[in-house]
Amino acid sequence: MKKTDLVRMVFRFKPLYILGLLSLQTLLLTPQRVGLSQITLLIRRVKFSEEIREGLYPFPLSAEELQEAIENLSPARWYSRTAVIPLGNGFVQAVKFLKKGESITELTQEASMIQELRDKGIEISPLLVKGEDGEYIFEYRGKFLYVPEEVDASGKYISYIVPQEYFIYPENINDPEKMMECALLSLSQFARLLKAGYLHRSLSPLTHEQNSGREWLWNYVPIGGIENLQDSLKYANMGLAGLRDFAHVSEIIPDDYLYFSVGQALCEWAITITYHSLKNGFSQSQTFNILAAGFERFLSEWELDIKIVEENIDKLESFVSLVRQEIKNNALSSQNDGGKPTINNLVGFVKKIMEKMKESSLYSQWETATVRVEYVSFEELDRNFAIELRGRMVVQEGELRYVTNWHKRCLEIFHIRDGSYHRYIAPGSIIMPKEIFKEGNIIYVVDTERKCMVKITLP
């Protein structure tokens with residue numbers, strides 16, 4: 001019997017029988033016996049969570065088993081930089097490696113957020129694998145049969161256990177009932193995170209849209225279309241097991257502008273579900289029913305009247321109809337770009353949902369938020385203003401200094417002398433902040449990634 005088998009056997013029995021089982025095993029292991037102290041040391045190599053001890057999740061692989069599995073993994077078992085290993089009983093163990101050029105803090109933040117949400121009783125799929133001292137960053141030193149090019153050479157990784165459905169993306173769902181399940185669960189989890197004080201800031205790759213050189217923003221003025229749909233909606237952070245990629249989840253702070261963030265998430269959810277439903281051969285009626293049910297579920301999570309969906313049903317129906325017409329072009333157009341009002345209909349519908357959200361407990365947070373964030377195209381600005389703006393990375397006014405913070409993707413304000421007054425303004429609102437200009441209580445920040453101006457209105 002392998003030592004790892006003994007460990008698993010021990011934890012499958014009730015604690016009352018553990019001592020007797022260890023004593024029996026010690027007697028049976030001949031001629032080289034294993035002492036109790038050695039077995040205790042063996043057990044402590046992995047810190048098993050309560051969910052594993054109660055049988056809700058299977059045991060994770062030992063270091064030796066994990067290395068053996070990865071050394072034999074073919075490309076079909078990789079999802080980008082994540083190796084997925086079957087554990088049986090409908091579960092898999094995911095091994096997510098550090099990405100080239102990425103800071104180790106990215107993995108650390110994701111792991112700590114998974115644990116934080118579970119500690120607070122928030123329902124999510126991943127169960128973090130931790131070492132005997134509670135550590136969750138590990139280092140792989142084995143060989144690879146196949147190495148995705150994005151995997152960092154350091155071999156650092158985090159690992160978690162999830163249902164196998166966790167890696168079924170919307171593009172892989174060919175059953176309308178399963179797509180309905182995916183849509184409702186994802187939006188319900190998003191709403192419950194909000195109610196618990198957390199925000200998932202990227203439900204789809206639309207936040208990294210490549211073809212146009214900027215991400216798509218629902219409240220960008222003027223409303224823009226979406227290009228390169230297939231790549232922009234691939235591997236969304238939602239699926240049959242709910243939300244994914246908790247590196248994008250963070251605690252809501254007073255300066256978060258939730259009207260933008262929640263509206264953006266609802267739009268990304270709707271575009272992703274609509275595109276993959278129609279692409280996978282669902283009828284226009286089936287697709288529309290999934291969307292309508294999803295928005296109703298979101299409102300129900302806040303105990304709000306769902307009649308607002310029916311009252312604005314024409315916008316939603318028109319959106320689905322136009323997406324069906326445009327899907328062959330791998331793009332969705334906007335009236336503001338001289339195309340069809342596809343995106344305009346969706347944005348108009350989501351604005352109605354957000355108006356209804358004013359009756360929710362969440363509204364009190366964003367109503368009292370100290371800033372307002374808007375996005376404006378360069379063309380909307382006066383040429384002289386743009387010239388004056390160029391090259392200024394810091395604005396100083398009295399004893400306050402306004403600086404663009406690239407790491408937190410936001411505007412930072414602090415006191416010049418002692419730093420006693422310090423605030424991060426709307427973290428995540430600016431992807432690549434550059435030059436800034438202040439005009440009264442309005443600050444304009446150039447976002448070189450989105451290729452637009454971020455207009456931040458202070459109180």
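The values are calculated or read from the model by the stated rules, or taken from the named source; none is laboratory data. This one's a predicted model, so the numbers in the text were calculated from it and none came from an experiment. No Cβ is skipped: glycine too gets one built from the backbone with ideal geometry, and neighbour counts run over all protein chains shown. Ligands, DNA and RNA are excluded from the accessible area calculation, which covers all protein heavy atoms including side chains. Shrake-Rupley method; radii C 1.70, N 1.55, O 1.52, S 1.80 Å.
If you check GLY224 against the conditions, is it outside any helix (DSSP H, G or I) and touching a helix residue (DSSP H, G or I) at 6+ places or on another chain (Cβ under 8 Å)? Steps first, please.
Values: outside any helix (DSSP H, G or I): yes; touching a helix residue (DSSP H, G or I) at 6+ places or on another chain (Cβ under 8 Å): yes.
Answer is yes for this residue.
Going through ARG45, ARG53 one at a time, which residue ends up being surrounded by 11 or more Cβ atoms within 10 Å (Cβ to Cβ) and at pLDDT below 50? Spell out how you get there, then give the answer.
Details: ARG53 fails: at pLDDT below 50.
Checking each option against the conditions leaves just ARG45.
Could you please find all residues in the range 299-316 being under 13 Å from ILE271 (Cα atoms) and not aliphatic (A, V, I, L, M)? Break it down into steps so the answer makes sense when it comes.
Initial filter on the range 299-316 (under 13 Å from ILE271 (Cα atoms)): 316.
Correct list: empty.
Applying the selection to the range 432-453, what residues are at pLDDT below 80 and either part of a loop (DSSP other than H, G, I, E, B) or surrounded by fewer than 19 Cβ atoms within 10 Å (Cβ to Cβ) (or both)?
MET432, LYS434, THR448, GLU449, ARG450, LYS451
Which one is farthest from GLN164 (Cα to Cα), of the residues in the range 56-80 that are within 22 Å of the chain's Cα centre (by Cα) and open to solvent by 30 Å² or more (accessible area, probe 1.4 Å)?
As a first pass, look at the range 56-80 and keep what is within 22 Å of the chain's Cα centre (by Cα): 77-80.
After this cut, where a residue has to be open to solvent by 30 Å² or more (accessible area, probe 1.4 Å) as well, the list is 77, 79-80.
Working: ARG77: 12, TYR79: 13, SER80: 16 Å.
Going through the qualifying residues, I end up with SER80.
From LEU206, LEU185, LEU193, grab the single residue that is open to solvent by 40 Å² or more (accessible area, probe 1.4 Å) and assigned to a helix (DSSP H, G or I).
On the way: LEU206 fails: open to solvent by 40 Å² or more (accessible area, probe 1.4 Å); LEU193 fails: open to solvent by 40 Å² or more (accessible area, probe 1.4 Å).
Of LEU206, LEU185, LEU193, the one residue that is open to solvent by 40 Å² or more (accessible area, probe 1.4 Å) and assigned to a helix (DSSP H, G or I) is LEU185.
Being more than 30 Å from THR108 (Cβ to Cβ) and open to solvent by 10 Å² or more (accessible area, probe 1.4 Å) is the requirement here; does ASN280 meet it? I'd like the intermediate steps shown before the answer.
Values: more than 30 Å from THR108 (Cβ to Cβ): yes; open to solvent by 10 Å² or more (accessible area, probe 1.4 Å): yes.
For ASN280, the condition - more than 30 Å from THR108 (Cβ to Cβ) and open to solvent by 10 Å² or more (accessible area, probe 1.4 Å) - is met.
Yes or no, residue by residue, for (1) in contact with a Leu (Cβ under 7 Å, 6 or more places away or on another chain); (2) in contact (Cβ under 8 Å) with a residue 24 or more places away in the chain; (3) open to solvent by 10 Å² or more (accessible area, probe 1.4 Å):
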position	(1), (2), (3)
GLN284	no, yes, yes
LEU316	yes, yes, no
VAL323	yes, yes, no
GLY338	no, no, yes
VAL347	no, yes, no
LYS352	no, yes, yes
LYS356	yes, yes, yes
GLU359	yes, yes, yes
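Quick check, is LEU193 within 18 Å of GLY294 (Cβ to Cβ) and within 21 Å of the chain's Cα centre (by Cα)? Quick ask: steps written out before the conclusion?
On the way: within 18 Å of GLY294 (Cβ to Cβ): yes; within 21 Å of the chain's Cα centre (by Cα): yes.
Yes: the conditions hold for LEU193.
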